[in-house]
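What follows is calculated from the coordinates using simple rules that are stated; it is not laboratory data. It should be emphasised that the depicted structure is a prediction, and the values quoted were computed from it without experimental measurement. For neighbour counting, all protein chains shown are included, and Cβ atoms are generated from backbone atoms with ideal geometry for every residue, glycine included.
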Amino acid sequence: MTADQVRGGSWDVVVIGGGPSGSTAAALTAQMGRRVLLVDREQFPRFRIGESLMPATYWTFERLGFLERMKASPFPRKHSVQFFGNDGRTGVPFYFSEVDPHESSVTWQVDRARFDRMLLDHAQSSGVEVRENTNVREILFDGERAIGLRLETAGGEPYEVKAQVIVDASGQTSLFARRFHLRRVDPVLRHGAVFTRFRGAIRDPGIDGGATLVLRTRTPGCWFWYIPLPDDEVSVGVVGPIGDLVSRGGDLQQILDEEIALCPALVPRVAPAEQTREVMMVRDFSYVSTAIAGQGWVLVGDAFGFLDPIYSTGVLLGLNSAEMAADSIDDAFRRGDFSGRVLGRHGERYLAGMETMRKLVYVYYAPEFHFGQFLRRHPDCRMALVHLLTGNVFRKPIDGLFDAMSEFCTLPEARRLDPAGTDA
């Protein structure tokens with residue numbers, strides 16, 4: 001038997017990408033008794049942005065059997081989120097336990113390099129075969145149905161694997177969405193992020209020390225995240241219209257320094273701190289795909305869609321999409337039907353939750369909107385708002401909240417999947 005034959009072969013499920021959504025989809029399908037291969041082009045651990053979790057991730061961690069690993073981790077506990085105006089003032093923190101005193105109302109601030117490695121290791125311990133430093137060179141089709149991948153080792157050796165189902169968790173690379181031209185960029189949320197880390201920055205005392213802080217700057221449409229991490233580090237980044245961030249000229253360090261100076265609530269927090277990383281920039285364009293599955297394939301996480309990071313939805317949406325996809329995949333095997341209709345049966349439910357958070361993003365960027373002012377006018381909306389900030393977009397109905405918020409901006413029309421694209 002050749003080395004290529006040993007590496008190749010047939011699998012029930014092949015997952016492209018070892019981030020949170022890929023590791024979760026792989027682990028769950030393996031726990032359901034499927035033979036699963038996961039491939040990633042990188043070697044873990046590797047740096048990723050997106051460190052703040054939402055409390056509703058608890059339920060996926062519990063189902064995965066991953067909860068105890070999180071409890072034993074060094075990651076700071078996150079009890080709340082706080083929003084600051086561009087004058088430096090803050091309102092009352094939104095404590096997640098307001099809606100439920102259960103331990104699920106406290107979550108974590110994670111170093112993504114460590115967290116993603118932990119999830120990948122958990123997938124492997126669940127029975128998944130993991131291959132890092134492995135590139136996807138081609139998707140293999142039999143007619144319209146995806147049947148496998150042509151892969152390449154770090155040494156440049158090609159080989160093929162076959163699968164009943166391919167899960168695309170390749171992030172913003174999104175191999176299937178690009179192939180079938182599925183991606184649609186949000187015309188309003190075209191943002192970028194410039195970010196770094198500091199050591200020794202000021203944190204609030206007690207349980208507020210692990211809070212996510214969202215701080216507006218005096219630049220219209222721009223805000224900072226401030227996320228406490230292990231080892232006395234804090235992740236700090238500014239998000240704003242990408243044209244405004246780059247049009248002023250100067251390097252990334254200059255852009256960041258200028259925006260910090262325009263953020264009164266941030267200046268004293270980082271004044272005593274040491275910057276520990278080179279400044280980086282990513283495009284934070286929000287987008288969604290017109291189909292979530294097709295014949296023999298399904299999209300999860302950022303491969304399907306991405307939402308502005310203002311509410312830290314990235315990992316939550318990735319985990320939920322992976323969990324829903326795993327159930328659809330299990331249903332496909334039980335039926336012997338690997339059509340997009342079956343593999344994507346969860347699509348409308350998942351997209352509806354994503355669209356709920358998208359409305360809340362639109363409201364935040366409305367020039368006249370401030371959480372304190374909104375709640376003074378609509379105190380009855382507080383619990384619904386905390387439910388959203390907790391990430392309960394798939395578990396709790398949100399009644400009346402957006403009717404009240406529509407006073408501040410025109411909310412976007414909900415997007416729907418294209419039924420014709422399901423089995424493209």
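Ranked highest first by the average count of other Cβ atoms within 10 Å around their residues, in what order do 48-55, 8-15 fall?
Packing order, densest peptide first, comes out as 48-55, 8-15.
At a threshold of 8 angstrom on Cα-Cα distance, excluding pairs fewer than six apart, so keeping six or more, what relative contact order does the stretch 61-122 reach in percent?
Relative contact order comes out at 34 percent.
From the square roots a ≥ b ≥ c of the eigenvalues of the alpha-carbon gyration tensor of the stretch 79-132, which class results: rounded (a/c under 1.5), prolate (a/b over b/c), or oblate?
Oblate, because a/c is 1.5 or more while a/b does not exceed b/c.
Could you give me the percent of Cα pairs per 10 Å distance bin for the stretch 328-385, shortest bin first, beginning at zero and ending with the bin that holds the maximum distance?
Computed distribution, short to long bins: 20, 29, 19, 15, 14, 2.
List the pair-distance distribution P(r) of the stretch 262-322, using every Cα-Cα distance, as the percent of pairs falling in each 10 Å bin from 0 up to the bin containing the longest distance, rounded to whole percents.
Spelled out per bin, shortest first, that is 17, 32, 26, 17, 7, 1.
Compute the relative contact order of the stretch 63-204 as a whole-number percentage, counting only Cα pairs closer than 8 Å that sit 6 or more residues apart in sequence.
Answer for the stretch 63-204 is 11 percent.
Mind counting lysine pairs for me in the chain? Cα separation below 26 Å, and the two need to be 8 or more apart along the chain or on different chains.
4
Using the alpha-carbon atoms, what tilt in degrees (0 to 90, nearest 10) does helix 347-365 show relative to the longest principal axis of the chain?
On a 0 to 90 degree scale, this one is about 20.
Provide Rg over Rh for the stretch 342-424; use the alpha carbon set for both Rg and the Kirkwood Rh (inverse mean inverse pair distance).
1.05
Ordered by packing density, taken as the mean number of other Cβ atoms within 10 Å over each peptide's residues, highest first, how do 410-419, 142-151 rank?
So the order, starting with the most tightly packed, is 142-151, 410-419.
Percent of Cα-Cα pairs more than 18 Å apart in the stretch 173-293, please.
57
With n ≥ 4 as the cut-off for DSSP H runs, can you work out [θ] at 222 nm for the chain, using -39500 (n - 2.57) per run divided by the number of residues, rounded to the nearest 500?
Roughly -9000 deg cm²/dmol at 222 nm, from the helical runs in the chain.
Using 1/(1 + (r/R0)^6) with R0 = 25 angstrom and r between the beta carbons of residue 162 and residue 330, what's the FRET efficiency to the nearest 0.05?
Calculated value: 0.80.
With labels modelled as points extended 7 Å from the Cα through the Cβ direction, what inter-label distance (nm, one decimal) is found for residue 348 paired with residue 172?
With each label point 7 Å from Cα toward Cβ, the separation is 3.1 nm.
Is the shape of the chain best called rounded, prolate or oblate, per the rule: a/c under 1.5 gives rounded, else a/b larger than b/c gives prolate, else oblate, with a ≥ b ≥ c the square roots of the Cα gyration tensor eigenvalues?
Prolate shape, in that a/c is at least 1.5 and a/b is the bigger ratio.
What percent of all Cα-Cα pairs in the stretch 267-424 falls in each 10 Å bin, counting up from 0?
In whole percents, the pair-distance histogram is 10, 32, 28, 20, 8, 2, 0.
Mind telling me which of 267, 315, 361 comes out most flexible in a GNM of the chain, alpha-carbon contacts under 10 Å?
Per the Cα network of the chain with a 10 Å cutoff, 267 tops the list.
Can you pull the one-decimal nm distance between simple spin-label points at residue 154 and residue 369, each 7 Å off the Cα toward Cβ?
4.5
Given R₀ = 45 Å, FRET efficiency for residue 142-residue 403 by Cβ-Cβ distance, to 0.05?
That gives a FRET efficiency of 0.35.
Helix 252-261 against the longest principal axis of the chain: what's the angle in degrees, Cα atoms only, rounded to the nearest 10?
Value to nearest ten degrees: 40.
Among 297-306, 152-161, 381-390, what's the highest-first ranking by average C-beta atoms within 10 angstrom per residue?
297-306, 381-390, 152-161
From the residues 214, 370, 291, which one has its Cα farthest along the dipole of the chain in the positive direction, the dipole being from +1 and -1 charges on Cβ of Lys/Arg and Asp/Glu about the Cα centre?
Of the listed residues, the answer is 291.
When the chain is fully extended, how far beyond the present Cα-Cα distance does residue 413 get from residue 252, taking 0.36 nm per residue of separation?
That pair, residue 413 and residue 252, stretches by 54.5 nm at full extension.
So the label point goes 7 Å from the Cα of residue 218 along Cα→C-beta, right? Which residues of the stretch 78-108 then have their backbone N under 14 Å from it?
Once the point is set 7 Å along Cα→Cβ of residue 218, 86-89 turn out to lie under 14 Å by backbone N, inside the stretch 78-108.
When only C-alpha pairs under 8 Å and at least 6 residues apart count, what is the relative contact order of the chain, in percent?
20
Going by the alpha-carbon gyration tensor, a ≥ b ≥ c the square roots of its eigenvalues, is the stretch 136-190 rounded (a/c under 1.5) or, if a/c is not under 1.5, prolate (a/b greater than b/c) versus oblate?
Verdict is oblate for the stretch 136-190.
Report the Cα-based extents of the stretch 44-126 along its three principal axes, largest first, to the nearest Å.
Principal-axis extents of the Cα atoms in the stretch 44-126, largest first: 48, 30, 17 Å.
Can you give me the distance in nm between label points at residue 71 and residue 278, each placed 7 Å from the Cα along the Cα-to-Cβ direction?
4.1
In degrees between 0 and 90, to the nearest 10, how far off the longest principal axis of the chain does helix 20-31 point, with axes built from Cα atoms?
Once rounded, one gets 40 degrees.
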